[in-house]
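Quick notes on the structure that follows.
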Amino acid sequence: MVEISVTKKYGERTVLDVSGLRFERGRIYAVMGSNGSGKSTLAAILAGVIKGNGEIIYDVKKPVTGYMPQKSFAFDMSLTANMLLGRSLRERKEAKNKAMRLLEEFGLGEMRRKNAKKLSGGETEKLALARLMMDDCELLILDEPTAAMDVNAVERAEKTIMDYFERLRPAIVIVTHSPAQARRLADEVIFLDEGRVEEKGSAEEVLATPRSDKLRKFLSVNG
Amino acid sequence: MWSNVTAAFEKAFALMGEGNTLLNEIVATTMEMCVQSSLYAMIIGVPIGALVGVARFPGRRAVVLIMRTLMGLPAVAVGILVYLLFSGTGPFGKLGLMYSVELMVIAQVILITPVVAGFTETAVAPAYDAMRDTAAGMGLNKAKIALLAVNETKYQLVATYLFAFSRSIAEVGAVQIVGGNILHKTRVMTTAIALNYNMGQFSLALALGIILMLIVLGLNVVASALQAGLKKRNG
């Protein structure tokens, strides 16, 4: 579906340098690495939010993309209004039922009239995920989507992500610090170090028998 | 000095209590001018400030610098410029607006719009930085993002309007030049204060000043209630 070959520099520092990374529909990719390894930069460039030097080639056309950044933002309005943002008046009427259902799935149904600024960090993440799933995305990019959630909320969120995946079969790219989450969700793992792909392959192989010392060290520290 | 101040307060309350017709007329003209000029400045200045706040383009810093410099436009200089433009020999002389409330409004809009735009940009820019990635990830266009950024800063907008109104009601240089301080037509609170000072009627001048401040106080009370209401409604 999409192949990315880009570099990104901030001043003299190269934060990302990847070549020929492919993402296909019907696959879930976990992008992992230590802080500053380029994971969020890769996610943002793939989402088109920031530009890098290089090219992003789409097999057919640019896919319908949903992007959840690392720091989720809740707009100063009710949860329902947050869910319906960007839609025309006519679309809003039809979308309202879907919005209610998604809020319920994420355990936010009772707070639908509450101002989203009052949400906790974990609740904001749930809202951001729910908001993304209002659209039928072909490429879904989630940067640490469950970082601030408790264990129960993570389980619920992952179930909803998988339900979405099973229904639409998009390419899902999840940036995560958690090898356990990668094991649960991902088909493939991409491990970045200092902006470069250190190792990649099927999640089962890469996480069970990592070839790279850096990945081994990462897995021993992060479980 | 204190006797003048005391006399001023007594005079102020006496004037308000007796329902002085001339005072009422001056206050009405002042409010007509201030409400219009502050509203027009908001209508023009908020979109400009919001768009500059969310746009990222080469030379943006220079635009922001110019905008903030224009916040310090000298009122008398603006008055003279507007006078030259709208006087009988000026390019807009045929409109016949000299010494009218409309021209006073035009002069004040020129003065206050950069202030509104500057305050809006200062409020919107950090709000935009916080929401940028999320909004871009949702595929929202720049205009929608600017609207959302303004929504994030609505409490600051109330304060911006208060400042715009206060600047308008306290301004004397430009309105004196283009309005002429004509009795029953363009005399407003500040030009009346200046006139009474020039006539040596300090107590009356101070009294008018006190009344002006009470008007501004009343507006601030309403604005505070509005802000509190907004916060309560948003839970």
Residues in segment B:145-154: is at least one in contact (Cβ under 8 Å) with a residue 60 or more places away in the chain, surrounded by fewer than 18 Cβ atoms within 10 Å (Cβ to Cβ), closer than 25 Å to B:Lys232 by Cα and within 14 Å of chain A (Cβ to nearest Cβ)? yes
Counting only residues in segment B:118-144 that are more than 9 Å from chain A (Cβ to nearest Cβ) and of a type in the set (D, E, K, R), the one nearest to the chain's Cα centre (by Cα) is identified as B:Glu121
Search segment A:176-223 for residues being touching a residue at least 24 places away in the same chain (Cβ under 8 Å) and at positive phi, and hand back the single one that is least open to solvent (accessible area, probe 1.4 Å). A:Gly195
Here's a check for you: in segment A:41-64, which residue that is within 14 Å of B:Thr134 (Cβ to Cβ) and touching a Gly at 6+ places or on another chain (Cβ under 7 Å) is most open to solvent (accessible area, probe 1.4 Å)? A:Val49
Restricting segment B:17-32 to residues that are open to solvent by less than 60 Å² (accessible area, probe 1.4 Å) and over 23 Å from B:Ser168 (Cα atoms), the one modelled with the lowest pLDDT turns out to be B:Gly19
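One line per residue, one yes/no per condition, for (1) modelled with pLDDT under 90; (2) within 11 Å of another protein chain (Cβ to nearest Cβ):
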{"site": "A:Met68", "(1), (2)": "no, yes"}
{"site": "A:Arg90", "(1), (2)": "yes, no"}
{"site": "A:Asn97", "(1), (2)": "no, no"}
{"site": "A:Arg101", "(1), (2)": "no, no"}
Of everything in segment A:9-27 that's part of a strand (DSSP E or B), over 23 Å from A:Ala171 (Cα atoms) and of a type in the set (D, E, K, R), which residue is least open to solvent (accessible area, probe 1.4 Å)? A:Lys9
Of the residues in segment A:11-70, those that are in contact (Cβ under 8 Å) with a residue 12 or more places away in the chain and among the polar types (S, T, N, Q) come to A:Thr14, A:Ser19, A:Ser34, A:Ser37, A:Ser40, A:Thr41, A:Asn53, A:Thr65, A:Gln70
State the number of residues belonging to segment A:33-65 that are facing another protein chain (nearest Cβ under 7 Å) and not aliphatic (A, V, I, L, M). 0
In segment A:110-139, which residue that is of a type in the set (A, V, I, L, M) and more than 10 Å from chain B (Cβ to nearest Cβ) is most open to solvent (accessible area, probe 1.4 Å)? A:Leu119
Going by what's in this entry, would A:Arg131 be described as more than 15 Å from the chain's Cα centre (by Cα) and of a type in the set (Lys, Arg)? no
Specify which of the listed residues (B:Val178, B:Val222) is among the β-branched types (Val, Ile, Thr) and modelled with pLDDT of 90 or more. B:Val178
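The values are calculated or read from the model by the stated rules, or taken from the named source; none is laboratory data. Computed from a prediction, not measured in an experiment: that's the story for all the values here. As a convention, Cβ positions derive from the backbone with ideal geometry for all residues, glycine included, and neighbour counts pool all protein chains shown. Ligands, DNA and RNA are stripped out before the accessible areas are found, and what is left, the full protein with its side chains, is counted by its heavy atoms. Shrake-Rupley method; radii C 1.70, N 1.55, O 1.52, S 1.80 Å.
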